[in-house]
Amino acid sequence: MMGTRVETLDRPPGAGERALRGDQRSIWPFLGPAFIACVAYIDPGNFATNIAGGAKFGFTLVWVIVASNLMAMLIQTLSAKLGIATGRNLPEVCRERFSRRTSVALWVQAELIAMATDLAEFLGAALGLKLLLGIPLFPAAVLTGVITFLILALQRFGFRPLEAVITAFVAVIGVCYLGELWLAHPPLGTVAKHAVVPDFQGNESVLLAVGIIGATVMPHVIYLHSALTQHRIVPRNDDEARTLYKYTRIDVLIAMAIAGLINVAMLVVAATVFFGSGLTDIESLEGAHRTLEPILGGASSVLFALALTASGLSSSTVGTMSGQVVMQGFIRRRIPLWVRRLVTMLPAFVVIGLGLDPSRTLVLSQVVLSFGIPFALIPLVMFTSRREIMGVLVNRRLTVAAAWAIAGLISGLNVFLLVQTFGLTG
């Protein structure tokens, strides 16, 4: 039998359930949740990290992105599997398995992390619109808020329209970076070599690699992915659960592979254009945009701004959805989605109103985000390794070993990154 699944209300089976229970199965009804989750891996924070890595160290750190993406695939698969097996999302399982005090503490830290995450993503979208449209940052932020409200409103029509819009944003980012690669003409043989051969160029490259790996897992999207699968398609028995999990792994593999390729493309373009031209001190997204045009032409800077806008809008939308899951799961409270969107916009407007550097603020928000990773990752691995919770979908021994190794590595690297950032090592 399956784990502690909660049955949903009686309703007609959807397309996914009909495909799961029919003789002729198609992959299409099962695709979607991972495409929403994957936008967290191509958010504006990734833009900043990947561009810095490529500009300073060329193609050296491509392998770090590949390794990070493989780890992310496993983590997101576990999150999706928890929702399938239990009919609950990760915060709900935490609330049931932990004490009331622990659940409230986890909720408070998750809300703080969600705010930091949304700050970065909202600022990234506003910065993208500023660069794309040539308007000041404040009206760009207002426009960002309006667009994200419209995207979130699609939820009233079911999960498919929202998944389609988010997937379209991912496609826009991918197409933009295909265009950037075409304009940059990187040495593909060199890129392939550095994708599989670990290498560093001094201590600073090690620290940047730690930053890339440490920022691999986004706490809010671990919570969200389990919510996206918990009621989407409901298996009736163990065989259907195994089949659904098989298709879910394909969903994760495709979506995360696309996200990984986009991240590689970001670094490769920066390595080809900036490092190849001796411009190793690109410190901001605005600087990268400004530098692209004289080297590759106006089309490249437009593509960059469009990709950044799509990244910020999609990831900001997903961040707001995650905040709702966190509150509902940990403390059984829910506020209107438009209220949450309005509240999470305010810190970005404060930053803009104070005239703070948006790129610098974005980087600092990623440091704050690092605090929350162990609080999401460790419970996820713990719960998915327990048969009384997961039933037939419990982690295998090899999966348990790999998951704990990844959880320990990522948590440790984030602690190291925080220590380095705050200068506690002297």
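Can you pull out the trypsin sites (Lys or Arg not before Pro) in the range 292-385 that DSSP calls coil and that have at most 15 other Cβ atoms within 10 Å?
Filter output for the range 292-385: Arg332, Arg333, Arg334.
Gaussian network model of the chain, Cα springs within a sub-10 Å range: biggest mean-square fluctuation belongs to which of Ile373, Ile282, Ile335?
Judging by the Gaussian network model, the answer is Ile335.
When the label point is put 7 Å from the Cα of Leu133 along its Cα-to-beta-carbon vector, which residues of the range 163-180 have a backbone N closer than 20 Å?
Under cut-off, by backbone N: 166, 169-170, 172-173.
Which residue fluctuates most in the GNM of the chain (Cα springs below 10 Å): Leu224, Leu346, Leu129?
Leu346
For the range 179-185, in order, what is each residue's ³J(HN,Hα) by Karplus, 6.51 cos²θ - 1.76 cosθ + 1.60 with θ = phi - 60°, in whole Hz (x at glycine and Pro)?
For the range 179-185, the Karplus-derived couplings read x, 4, 4, 4, 6, 7, 6 Hz, x marking Gly and Pro.
What nm distance separates the two modelled labels at Thr102 and Ile250, each placed 7 Å from Cα along Cα→Cβ?
A separation of 3.8 nm, rounded to one decimal place.
With labels modelled as points extended 7 Å from the Cα through the Cβ direction, what inter-label distance (nm, one decimal) is found for Ile378 paired with Val392?
Computed distance between label sites Ile378 and Val392 equals 3.3 nm.
Grab the other residues whose beta carbon is less than 15 angstrom from that of Arg333, score K and R as +1, D and E as -1, and report the net.
Result for the local shell: +3.
First measure r as the distance between the Cβ atoms of Ala153 and Leu279, then evaluate 1/(1 + (r/R0)^6) with R0 = 41 Å and state the FRET efficiency to the nearest 0.05.
Given R0 = 41 Å and the Cβ-Cβ separation, E is 0.45.
Between the range 285-315 and the range 232-262, what's the alpha-carbon centroid distance in Å?
33 Å
Could you please report the charge total around Gln324, scoring K, R as +1 and D, E as -1 over all other residues with beta-carbon less than 9 angstrom from its beta-carbon?
Computed value for this residue: +2.
Rounding to the nearest 10 and keeping the result within 0 to 90°, find how far the Cα-based axis of helix 397-421 lies from the longest principal axis of the chain.
Relative to the chain, helix 397-421 is tipped by roughly 40 degrees.
Rounded to the nearest 0.05, what FRET efficiency is calculated for Ala164 and Ile27 with R0 set to 22 Å and r the Cβ-Cβ distance?
Efficiency, rounded to the nearest 0.05: 0.85.
For Trp404, Trp182, what's the fewest-to-most ordering of other Cβ within 10 Å of each Cβ?
With the fewest neighbours first, Trp404, Trp182 line up as Trp182, Trp404.
Using a/c under 1.5 as the rounded threshold, could you call the range 31-421 rounded, prolate or oblate? The axes a ≥ b ≥ c are square roots of the C-alpha gyration tensor eigenvalues, and prolate needs a/b larger than b/c, oblate otherwise.
prolate
Please find, in a Gaussian network model of the chain (springs between Cα atoms separated by less than 10 Å), the residue of Ala299, Ala67, Ala55 whose mean-square fluctuation is greatest.
Of the options given, Ala299 has the highest mean-square fluctuation.
None of the figures in this text is laboratory data; all of them are computed from the coordinates on show. Everything quoted here is computed from the prediction, not taken from an experiment. FYI the Cβ positions are ideal-geometry reconstructions off the backbone, even for glycines, and counts take in every protein chain you see.
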